[in-house]
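Report on the following structure.
The values are calculated or read from the model by the stated rules, or taken from the named source; none is laboratory data. This is a predicted model, so every value here is computed, not measured. Glycine gets a Cβ as well: all are built from the backbone with ideal geometry, and neighbour counts include every protein chain shown. In case anyone asks, the SASA skips ligands and DNA or RNA and just uses the protein heavy atoms, side chains included. Shrake-Rupley method; radii C 1.70, N 1.55, O 1.52, S 1.80 Å.
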Amino acid sequence: MKAYRARLLRFDEDSGAPLFDEDGLLVIGPDATGRAVVRAAGAHGALIDRFPGVAVEALRDKLIAPGFVDMHIHYPQTDVIGAPAAGLLPWLEHYTFPHESRFQDPVHAREVARFFFDELARNGVTTALTFATSHAASVDAAFEEARARGLRFITGKVLQDRHSPDGVRDQTEQSLIDTEAGIRRWHGVDRLGYAVTPRFAPTSTPAQLRGAGELAATYGDVWIQSHVAENRDEVRWARELFPDSRSYLGVYEDFGLLRERAVYAHCIHLSQADRERMAATGAVAAVSPTSNLFLGSGFFDYQAADAAGMGYGLASDVGGGTSFSPFRTMLAAYTVGREGQTKPGLSLTPGQLWWQHTAGAARALGLQGVVGNLQPGNEADFVVLNPRATPLLTRKTAQANSLDELLFALIVLGDDRVVSRTVVNGR
Ligand code: GUN
Ligand code: ZN
């Protein structure tokens, strides 16, 4: 067992409200199966006598918080960040597909995966639901690297058997065989999970989507990930290709791809009926604000999502997104909320923003009680944050009179410099 004395941030799992101890204690140790988990968390004074002899590391000037959970990111797009294009579809054609075609080379995939996981750690991200590419080698490279690092990590082979150039287009039958082989090889190994990953409806034939839905039904606890309603040209294209479906989102429902553990990036141009279908089926949105601002896609409508009761959490969507940093993503989410759609001027609280990138994201992934929080029983993934990482942060956080002011200073001014340590699986 090991303990840390620091300022401590957790969340109430039911209400999502932040819980804060100015003088906190976090105790971690093995559970019955040997996993490193939180054994106790709360006020130092209330807990310390229960743990005589346990080594306590003093980090009184630091803030310990749950490791961040990124609900949607593309590891093969690490080198695509900052590629300018008129919008989503030209961006895919001119930058993303050419980059992704290189991932048939396992050596390249492994090199990018290493850099990617280093970058997640530097930014305090301890769990990510990640796109690979259409090449099986890209999936194996990511899983092997994540496993070596002890991460809770989810990825899957991208399915795209049409409207895709040579080099990334796959073949319907083989793509489904590869997906099932990937599930059997990786899902549930250590902390790894598999996601059935149709890129988006326009690049899959009905046969491929049907096969994806069948695999998602057979293997009920694997994840599903895709994109929906990001960009108006994309929405128009999807409607043309699937005229019999109720809507673009309805395509996924028609093929059995809306259920719990189904995660759809963007969800901007949805109808209220679509949002209600997401809520009813348990499918959730990966809100990707830096990507939506960079590609000019639009603004996620928080109020409409809440009115429908659909789940969501935050995501970087690198490389459409512009930063690996959860602080940049939370700030962009705040900006997007301000712009609003239902009613402009929404002011998300720092606690809500932080929850959306930790316990709220974990809940949306079906991993509540597992990651994203520091309540007893949670896996021991956390970050040690330095509120004095820059001169301006030192000045600003010294003047914080409340938890909200402290958290908002970190969200607005923070980046990778704030993350002084990332602990995964207790290490
Ligand atoms: N839609 C289909 N593929 C992609 C992708 O790689 N990035 C984004 N942002 N949207 C997509
Ligand atoms: Zn994406």
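Seen from Asn123, the other residues with C-beta closer than 13 Å to its C-beta sum to a net charge of -1, counting Lys and Arg as +1 and Asp and Glu as -1. What's the angle, to the nearest 10 degrees (0 to 90), between helix 272-281's Cα axis and the longest principal axis of the chain? In the chain, helix 272-281 runs at an angle near 70 degrees to the longest axis.
Ignoring everything except DSSP H segments at least 4 long, calculate the 222 nm mean residue ellipticity for the chain; use -39,500 (n - 2.57) per segment, divide by total residues, nearest 500. Please list the in-between numbers first.
Numbers: 17 runs with 156 residues, N = 427.
It lands at -10500 deg cm²/dmol.
Measuring from a point 7 Å past the Cα of Glu119 along Cα-to-C-beta, which residues in segment 289-321 have an amide N at less than 15 Å? Residues passing the 15 Å test: 290-291, 316-321. Charging the Cβ of each Asp and Glu at -1 and of each Lys and Arg at +1, and nothing else, the dipole of the chain about its Cα centre rounds to 960 debye. Once the C-beta distance of Gln272 and Val54 is scaled by a Förster radius of 45 Å, the resulting FRET efficiency is 0.30 to the nearest 0.05. Sort segment 301-417 into rounded, prolate or oblate with this rule: let a ≥ b ≥ c be the square roots of the eigenvalues of the Cα gyration tensor; rounded if a/c is under 1.5, and if a/c is not under 1.5, prolate when a/b is larger than b/c, oblate otherwise. Oblate.
Estimated at 0.36 nm per residue, the fully extended path between Arg427 and His108 surpasses their Cα-Cα distance by 112.1 nm.
Taking the Cβ-Cβ separation of Glu240 and Asp166 as r and a Förster radius of 41 Å, what is the calculated FRET efficiency to the nearest 0.05? Don't skip to the end; give the middle numbers.
Values: r = 23 Å, r/R0 = 0.57.
The computed FRET efficiency comes out at 0.95.
Enumerate the residues in segment 286-322 having an amide nitrogen under 13 Å from the point lying 7 Å beyond the Cα of Asp233 toward its Cβ. Answer for segment 286-322: 295-297.
When both bridge partners sit in the chain, DSSP labels roughly 40% of those beta bridges antiparallel.
Segment 115-190 and segment 33-102 have Cα centres spaced 17 Å apart. State whether the chain is rounded, prolate or oblate according to the following rule on the C-alpha gyration tensor (a ≥ b ≥ c being the square roots of its eigenvalues): a/c under 1.5 gives rounded; otherwise a/b larger than b/c gives prolate, and the remaining case gives oblate. It is prolate, given that a/c is not under 1.5 and a/b is the larger ratio. If you count only protein heavy atoms with a 1.4 Å probe, what accessible area per residue comes out for the chain, rounded to a whole Å²? Per-residue value: 37 Å². Would you be so kind as to identify which of Leu293, Ile183, Thr218 lies farthest towards the positive end of the dipole of segment 149-306, taking Lys and Arg as +1 and Asp and Glu as -1 on Cβ and the Cα centre as origin? Farthest along the dipole direction, towards plus: Ile183.
For Ser164, no residue whose modelled amide H falls within less than 5 Å of its own remains once neighbours fewer than 5 places apart on the same chain are excluded.
Straight-line reach only, C-alpha to C-alpha below 18 angstrom: list the lysines that Lys62 could link to, leaving out same-chain residues fewer than 8 apart. Partners within reach: Lys2, Lys396. Helix 106-122 and the longest principal axis of the C-alpha atoms of the chain enclose an angle of approximately 40°.
Scanning residues 5 or more positions from Leu19 or on other chains, those with amide H under 5 Å from its amide H are Arg10, Phe11, Asp12, with H placed 1.01 Å from N in the peptide plane.
So what are segment 226-350's ellipsoid semi-axes, whole angstrom, largest first, if each one is the square root of 5 times an eigenvalue of the alpha-carbon gyration tensor?
On the way: eigenvalues 107, 49, 37 Å².
Computed over segment 226-350, the values are 23, 16, 14 Å.
Among the GluC sites (Glu not before Pro) in segment 55-161, none sits in a DSSP loop with a Cβ that has at most 16 other Cβ atoms within 10 Å. Inter-label distance, Ser402 to Lys343: 2.0 nm, where each label sits 7 Å from its Cα along the C-beta direction.
Given axes a ≥ b ≥ c from the Cα gyration tensor, I'd like to know whether segment 74-179 is rounded (a/c under 1.5), prolate (a/b larger than b/c) or oblate.
Details: a/c = 2.03, a/b = 1.24, b/c = 1.64.
Oblate shape, in that a/c is at least 1.5 and b/c is the bigger or equal ratio.
Across the accessible surface of segment 315-403, with the other protein chains kept in place and a 1.4 Å probe, carbon and sulfur atoms take up 50 percent. Take the Kirkwood radius over Cα pairs of segment 139-263, plug it into Stokes-Einstein at 10 °C and 1.306 mPa s, and you get 107 µm²/s for translational diffusion. Carbon-plus-sulfur accessible fraction, segment 70-222 (probe radius 1.4 Å, protein heavy atoms only): 50%.
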